[in-house]
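Chemist: Sending over a structure as structure tokens; questions will come in a sec.
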Amino acid sequence: MSGQKSKMELLGSAPIPKALVALGVPIMIGMLINALYNLVDAWFVGRLGESPMGAISVVFPLGQVVVGLGLMFGNGAASYLSRLLGQGERDTADRVASTAVYSSVLTGAVLIFGAAIFLRPILAVLGATDTIMPYALSYGRIYIISCIFNVFNVTMNNIVASEGAAKTTMCALLLGAIVNIGLDPVFIYGLGLGVAGAAVATAISQFASTVVYLGYILSRKSAFTFSIQKFWPSGLLFAEILKIGVPTLTFQFLTSLSIALSNRAANGYGDAVIAGMGAVTRVTSMGTLVVFGFLKGFQPIAGYSYGAKKYDRLREAIKTSILWSTLFCVAAGLCMALFSGQILAQFAGGNARMIAIGRNSLLANGISFFLFGFYTVYSSLFLALGKGAKGLFLGACRQGICFVPVILLLPKVWGINGILYAGPIADLLSAAITVYMALQLSKTDGFA
């Protein structure tokens with residue numbers, strides 16, 4: 001009970017800097033490590049050649065869509081749960097948490113089954129060339145099945161974060177990362193499984209994280225009670241979860257769509273371009289996941305403060321989060337821009353074309369990354385406040401509303417450069433839209 005009381009104090013009364021560090025940093029570290037093992041996957045696979053590297057780049061967006069189900073139920077529930085805790089509605093919170101977990105796993109299983117059956121045509125749509133396809137199938141058949149563990153993990157990640165138990169999430173992600181990094185060379189090279197070995201290592205690592213979350217549930221350390229008896233799929237409950245969850249899923253879908261459109265646009269330029277763009281995605285994800293992890297600490301504070309009508313605390317959390325995340329994004333973006341060539345060389349296995357393509361793209365993405373913290377704070381804020389429509393719109397700007405027209409039109413007039421710079425241009429447009437929406441929020445609600 002004392003542990004639960006301490007979590008509530010962090011959400012409701014602890015100084016904002018202390019609360020953000022306590023709630024955000026452990027998850028941030030865990031997600032950074034999680035991104036690191038994706039990067040390690042790419043490092044090992046990159047040494048197998050450009051086609052295997054292209055394969056994991058093509059499969060990646062499919063996995064993101066599946067995991068998006070976990071985000072839909074997990075993030076949707078987390079926003080609602082933080083507000084319920086702020087209002088003292090514990091019994092309803094138990095029902096929300098249990099319903100989110102069971103719903104995500106059941107829905108995820110159905111989607112994974114369908115994806116496994118139609119894997120080849122899906123990979124073709126995602127941009128797999130004839131030379132990439134055999135490797136993509138070898139990797140994807142194993143990886144997509146293992147996503148059932150990740151659906152559960154992502155759901156629990158968000159629910160656990162909503163109650164302030166950030167260290168549990170950090171431990172789950174950290175264990176998965178350590179297992180994956182340790183097993184990658186064993187399965188890829190030691191057992192000679194190649195790209196399929198990377199998928200096996202990832203599957204085992206995801207299961208390891210699942211064990212941590214199951215232990216947390218069974219030990220009854222959570223502020224919520226998880227049980228089949230609490231499963232309550234009512235229309236009202238789902239409406240509250242999905243009004244935030246659907247925007248989150250939409251954002252995840254658009255992320256996958258943007259990668260798929262980039263791959264298809266690059267299809268005619270050869271496997272080296274697809275592989276180079278895939279390496280850039282993995283590198284930039286290191287930075288984006290740090291910001292997302294930190295904001296997992298910001299969201300429950302914002303939701304709890306909003307539910308408890310502590311508006312001064314909410315305003316302070318917003319300002320501090322923008323400042324801290326922007327400082328990080330500027331530092332990380334400078335590293336990407338200044339050392340783009342050296343970074344890409346680590347994944348290219350000496351492929352000069354892959355290095356050249358990736359270097360130019362990472363340079364531009366590094367500069368535009370300066371803006372990422374600012375617009376991601378506001379996207380997270382709208383969702384935390386239960387403003388699903390505005391959260392959906394703002395979250396969709398970078399990967400959909402701004403990116404899709406750019407990636408469809410720019411390569412036709414600028415060739416390969418249109419592919420490389422589509423993301424940074426979408427970043428600039430998204431930041432401009434965020435400024436407008438932040439000013440509107442300040443006028444109507446007085447939070448910003």
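Chemist: Peptides 113-119, 97-103, 16-22: what's the order by average Cβ count within 10 Å, highest mean first?
Modeler: Ranked from most to least packed, the peptides come out as 97-103, 16-22, 113-119.
Chemist: D for segment 237-285, whole µm²/s, Stokes-Einstein with Kirkwood Rh over alpha-carbon pairs at 37 °C and 0.692 mPa s: what number?
Modeler: Reported coefficient: 263 µm²/s.
Chemist: Mind ranking LYS221, LYS387 by accessible surface for me, highest first, 1.4 Å probe?
Modeler: Sorted descending by solvent-accessible area, the residues read LYS221, LYS387.
Chemist: Assuming 0.36 nm per residue, please report the length gained on full extension of the stretch SER234 to GLU9 beyond their Cα-Cα distance.
Modeler: In short, 77.9 nm is gained.
Chemist: Let me ask another. Given a 1.4 Å probe and every protein chain left where it sits, what share in percent of the accessible area of segment 330-439 is carbon and sulfur?
Modeler: Carbon and sulfur together cover 74 percent of it.
Chemist: Report the far tail of the P(r) of segment 106-237, meaning the percent of Cα-Cα pairs longer than 22 Å.
Modeler: 49
Chemist: Any idea what Rg and Dmax come out to for segment 27-74 if you just take the C-alpha atoms, in Å?
Modeler: Expressed in Å, the Cα Rg and Dmax of segment 27-74 come to 12.8, 38.
Chemist: Further question on the same structure: Where does each of 432-440, 167-175 land if you order them by average Cβ count within 10 Å, highest first?
Modeler: Packing order, densest peptide first, comes out as 167-175, 432-440.
Chemist: How are the C-alpha pair distances of segment 361-404 spread across 5 Å bins, as whole percents from the shortest bin up?
Modeler: In order of increasing distance, the bins hold 5, 23, 23, 24, 14, 7, 4, 0 percent.
Chemist: Taking θ = phi - 60°, what integer Hz values does the Karplus form 6.51 cos²θ - 1.76 cosθ + 1.60 yield along segment 222-229, in sequence order, with x for Gly and Pro?
Modeler: Taking θ as phi minus 60°, the curve returns 6, 6, 10, 9, 9, 7, 5, 5 Hz for segment 222-229.
Chemist: Can you give the log10 of the normalised intensity I(q)/I(0) at q = 0.10 Å⁻¹, computed with Debye over equal Cα scatterers of segment 181-329?
Modeler: Each listed q maps to, in turn, -0.65.
Chemist: Along Cα→Cβ, 7 Å out, is where each label goes; now give me the distance between the ones at VAL186 and LEU218 in nm to one decimal.
Modeler: Calculated label separation equals 2.2 nm.
Chemist: Computed from the coordinates I sent, Cα extents along the principal axes in Å equals one of (1) 66, 43, 42; (2) 138, 38, 34; (3) 58, 46, 36. Tell me the label.
Modeler: Checked against the structure: label (3).
Chemist: Tell me, what is the percent relative contact order of segment 129-246, built from C-alpha pairs under 8 Å that lie six or more residues apart?
Modeler: RCO, segment 129-246: 32 percent.
Chemist: Let me ask another. Highest mean first, how do 239-251, 374-386, 407-419, 122-134 rank when packing is the count of other Cβ atoms within 10 Å averaged over residues?
Modeler: Put in order of decreasing packing, that is 374-386, 239-251, 122-134, 407-419.
Chemist: Now for a separate question. Kirkwood Rh, segment 300-448, all Cα pairs: how many Å?
Modeler: 16.8
Chemist: Ok, one more. Over the chain, what is the mean sequence separation of C-alpha contacts under 8 Å (at least six apart), divided by residue count, expressed as relative contact order in percent?
Modeler: This gives 24 percent for the chain.
Chemist: Expressed in whole Å with the largest first, what are the equivalent ellipsoid semi-axes of segment 201-277 derived from the C-alpha gyration tensor as the square root of 5 times each eigenvalue?
Modeler: The answer is 38, 22, 8 Å, longest axis first.
Chemist: Just to verify a number: what accessible area does GLU9 come out at with the full protein assembly present, 1.4 Å probe, Å² rounded to tens?
Modeler: 90
Chemist: While we're on this one: Can you pull the three principal axis extents for the Cα set of segment 1-153, in Å, largest first?
Modeler: Extents along the principal axes, in whole Å: 57, 31, 21.
Chemist: Determine one quarter of the surface area of the Cα convex hull of segment 15-95, which equals its mean projected area, and express it in nm² to one decimal.
Modeler: That works out to 7.3 nm².
Chemist: Right, here's the next one. Using 7 Å Cα-to-Cβ label points, what is the VAL211/PHE118 separation (nm, one decimal)?
Modeler: Roughly 3.6 nm, to one decimal.
Chemist: Show SER234, SER368 ordered by accessible area, largest first, where the area counts protein heavy atoms only and the probe is 1.4 Å.
Modeler: The ordering from most to least exposed comes out as SER234, SER368.
Chemist: Still on this structure, please answer the following. Keeping every protein chain present and rolling a 1.4 Å probe, give me the accessible area per residue for the chain in Å².
Modeler: 38
Chemist: Within the chain, which whole H helices from DSSP have a Cα span along their axis of at least 20 Å and a mean Kyte-Doolittle hydropathy of 0.5 or more, if any?
Modeler: Those that pass (Cα extent of 20 Å or more, hydropathy at least 0.5) are 16-46, 50-87, 90-117, 133-162, 166-185, 195-218, 235-266, 271-307, 311-338, 352-368, 422-444.
Chemist: Write down, largest first, the equivalent ellipsoid semi-axes of segment 257-381 in whole Å, where each equals the square root of 5 times an eigenvalue of the alpha-carbon gyration tensor.
Modeler: With the √(5λ) rule applied to segment 257-381, the semi-axes are 36, 15, 9 Å.
Chemist: Percent of Cα-Cα pairs more than 16 Å apart in segment 94-177, please.
Modeler: Result for the distance tail: 61 percent.
Chemist: If you don't mind, another one. Over segment 401-441, what lengths in whole Å, largest first, do the semi-axes of the equivalent ellipsoid take, defined as the square roots of 5 times the eigenvalues of the alpha-carbon gyration tensor?
Modeler: Equivalent-ellipsoid dimensions as semi-axes: 25, 8, 5 Å.
The values are calculated or read from the model by the stated rules, or taken from the named source; none is laboratory data. It should be emphasised that the depicted structure is a prediction, and the values quoted were computed from it without experimental measurement. Cβ coordinates were reconstructed from backbone atoms using ideal geometry, including for glycine residues, and neighbour counts include every protein chain displayed. Each accessible area value is taken on the protein alone, full model and side chains, heavy atoms only, with ligands, DNA and RNA left out. Shrake-Rupley method; radii C 1.70, N 1.55, O 1.52, S 1.80 Å.
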